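Here's the structure, in structure tokens; my notes come after.
The values are calculated or read from the model by the stated rules, or taken from the named source; none is laboratory data. Here the structure is a predicted model, which means the values were calculated and not measured. All Cβ positions, glycine included, derive from the backbone under ideal geometry; neighbour counts span all protein chains shown. Calculation scope for accessible area: heavy atoms of the full protein, side chains included, ligands and nucleic acids excluded. Shrake-Rupley method; radii C 1.70, N 1.55, O 1.52, S 1.80 Å.
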Amino acid sequence: MDRLKEKVVLVTGAGSGIGQAVARKLAEEGAKVMVVDINAKGGEQTVSMIKAAGKEAAFFKADITQAVETEAMVLKTVEQYGHLDCAVNNAGVEAKLGDTVEQTQEKDFERVMNINIKGTWLCMKNELLQMHRQESGVIVNVASVLGTIGVPGFSSYVASKHAIVGLTKCAALENATKGIRVNAMCPAAVQTPMLDRAEGVDWSATQPMGRTGRVEEVANGVLWLCSEESSFTTGHTLLLDGGWAAG
Ligand code: NAD
């Protein structure tokens, strides 16, 4: 129960779905959690859930595409809790499902890239600056199994998640001797509001296990990457995909 006792973690996109489950799991394991989201209602709800369980959390509203807001999110975490041990960069958006590369609209491509890859990079940049000062830290970027394989009709999302995996590997190598580990978590279809928005798709039928993943299953993987149990793991893409990428 106390695998993250005294640790300070920051989770982006923690007002919904996977991020909410991750924030709750890390708090359950003793971490003080800075819940970050652009959606204040969802973020405050996550904080209430964590506090109702007798654990510690605070909300910070930030849009991860804005440099000043990602800087402020790290500064606020350090001001409130003293340091930053773990950052889970989870906030992200889906692309319009079904568009081929040539059908994809420029504004949709830019929206997905701006949030998923530029936003993740901005978060990492500010987190790493703090972790360098401390000479320690762990970053987990929530990419996707679609950061390792392609699917037709979802190219901007797939490209953005491949880019997160690339960013993760570079940051891991740049920081390997600095006490900082950087890994990517790659889930397959997980039952969240994001998946619910893709109407008309039987996601369970697309999965080797015949079911989608549960947010708690992803949270367990993120917990392992945040904990000392993964102390020799960096630059890794951890597939939590029910076997999807094995096909
Ligand atoms: P979700 O839509 O339920 O939650 C995403 C959260 O991110 C929301 O609370 C939203 O407000 C927040 N967010 C979006 N844009 C933001 C911004 N600019 N700044 C700050 N916060 C922002 O989605 P989810 O399914 O929980 O997805 C979480 C992450 O997991 C995403 O990166 C997604 O790509 C990834 N993922 C999801 C699945 C899946 O099947 N659900 C599979 C693989 C990877």
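Looking at the range 115-136, is at least one residue more than 21 Å from residue 83 (Cβ to Cβ), over 15 Å from the mean Cα position of the chain (by Cα) and surrounded by fewer than 23 Cβ atoms within 10 Å (Cβ to Cβ)?
Step one: of the range 115-136, the residues more than 21 Å from residue 83 (Cβ to Cβ) are 115-121.
Pick out the ones that are also over 15 Å from the mean Cα position of the chain (by Cα) and you get none.
No.
What's the total number of residues in the range 159-183 that are farther than 30 Å from residue 97 by Cβ and hydrophobic (A, V, I, L, M, F, W, C)?
Of all residues in the range 159-183, those farther than 30 Å from residue 97 by Cβ come to 172-181.
With hydrophobic (A, V, I, L, M, F, W, C) added as a condition, the list becomes 172-173, 176, 180.
Going through the range 159-183 one residue at a time, the tally reaches 4.
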Suppose the filter is within 14 Å of the ligand (Cβ to nearest atom), in a helix (DSSP H, G or I) and out of contact with any His (no Cβ under 6 Å at 6 or more places or on another chain); does residue 41 pass it? yes
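Might you let me know whether the range 211-229 holds any residue that is at pLDDT 95 or above and touching a Cys at 6+ places or on another chain (Cβ under 8 Å)?
Kept after step one, since they are at pLDDT 95 or above, are these residues of the range 211-229: 211-229.
If we keep only those that are touching a Cys at 6+ places or on another chain (Cβ under 8 Å) too, we end up with 226.
Yes, there is a match, as at least one residue in the range 211-229 is at pLDDT 95 or above and touching a Cys at 6+ places or on another chain (Cβ under 8 Å).
For residue 47, indicate whether it is open to solvent by 40 Å² or more (accessible area, probe 1.4 Å) and among the β-branched types (Val, Ile, Thr).
Details: open to solvent by 40 Å² or more (accessible area, probe 1.4 Å): no; among the β-branched types (Val, Ile, Thr): yes.
No.
Looking only at the range 180-203, count every residue that is out of contact with any helix residue (DSSP H, G or I) (no Cβ under 8 Å at 6 or more places or on another chain) and in contact (Cβ under 8 Å) with a residue 12 or more places away in the chain and tell me the total. Even if it seems obvious, please write down each step before you answer.
If we filter the range 180-203 for residues that are out of contact with any helix residue (DSSP H, G or I) (no Cβ under 8 Å at 6 or more places or on another chain), which is where we start, we get 196-202.
After this cut, where a residue has to be in contact (Cβ under 8 Å) with a residue 12 or more places away in the chain as well, the list is 197-198, 201.
Count: 3.
Condition first: modelled with pLDDT under 95, in a helix (DSSP H, G or I) and of a type in the set (Lys, Arg). Can you find one or more residues in the range 107-116 that meet it? Even if it seems obvious, please write down each step before you answer.
Residues of the range 107-116 modelled with pLDDT under 95: none.
No, every residue in the range 107-116 fails to be modelled with pLDDT under 95, in a helix (DSSP H, G or I) and of a type in the set (Lys, Arg).
Hey, any hits in the range 60-69 for a residue that's open to solvent by 70 Å² or more (accessible area, probe 1.4 Å) and part of a helix (DSSP H, G or I)? If you could, list the steps in order and put the result at the bottom.
Of the range 60-69, the ones open to solvent by 70 Å² or more (accessible area, probe 1.4 Å) are 61, 66, 68.
With the extra rule that they be part of a helix (DSSP H, G or I), the set shrinks to 68.
Yes: the range 60-69 contains one or more residues that are open to solvent by 70 Å² or more (accessible area, probe 1.4 Å) and part of a helix (DSSP H, G or I).
Whether any residue in the range 73-83 is under 24 Å from residue 206 (Cβ atoms), at pLDDT 95 or above and of a type in the set (Val, Ile, Thr) is what I want to check.
Of the residues in the range 73-83, the ones under 24 Å from residue 206 (Cβ atoms) are none.
No - not one qualifying residue is present in the range 73-83.
When you look at residue 225, is it touching a Ser or Thr at 6+ places or on another chain (Cβ under 9 Å), of a type in the set (A, V, I, L, M) and near the ligand (Cβ under 9 Å from one of its atoms), yes or no? Please lay out each step first, then the result.
Details: touching a Ser or Thr at 6+ places or on another chain (Cβ under 9 Å): yes; of a type in the set (A, V, I, L, M): yes; near the ligand (Cβ under 9 Å from one of its atoms): no.
No, not satisfied.
Tell me, which helices (runs of 4 or more DSSP H) lie completely within the range 164-247 with 1 or more residues that are loosely packed, with under 13 Cβ neighbours inside 10 Å?
Working: elements: 193-197, 203-206, 215-226.
Passing ranges, in order: 193-197, 203-206.
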Apart from one, (1) farther than 20 Å from residue 4 by Cβ; (2) more than 12 Å from the ligand (Cβ to nearest atom) all hold for residue 69; the odd one out is (2)
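Tally time: how many residues in the range 86-101 are within 15 Å of residue 126 (Cβ to Cβ) and more than 16 Å from the ligand (Cβ to nearest atom)?
In the first step, residues of the range 86-101 are kept if they are within 15 Å of residue 126 (Cβ to Cβ); the result is 86-89, 91.
Remaining after also requiring more than 16 Å from the ligand (Cβ to nearest atom): 86.
Counting residues in the range 86-101 that are within 15 Å of residue 126 (Cβ to Cβ) and more than 16 Å from the ligand (Cβ to nearest atom) gives 1.
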Residue check for residue 150: without any contact (Cβ under 8 Å) to a residue 12 or more places away in the chain, part of a helix (DSSP H, G or I), surrounded by fewer than 24 Cβ atoms within 10 Å (Cβ to Cβ) and more than 12 Å from the ligand (Cβ to nearest atom): no
Test: residue 200 is on the phi > 0 side of the Ramachandran plot, more than 11 Å from the ligand (Cβ to nearest atom) and not polar (S, T, N, Q): yes
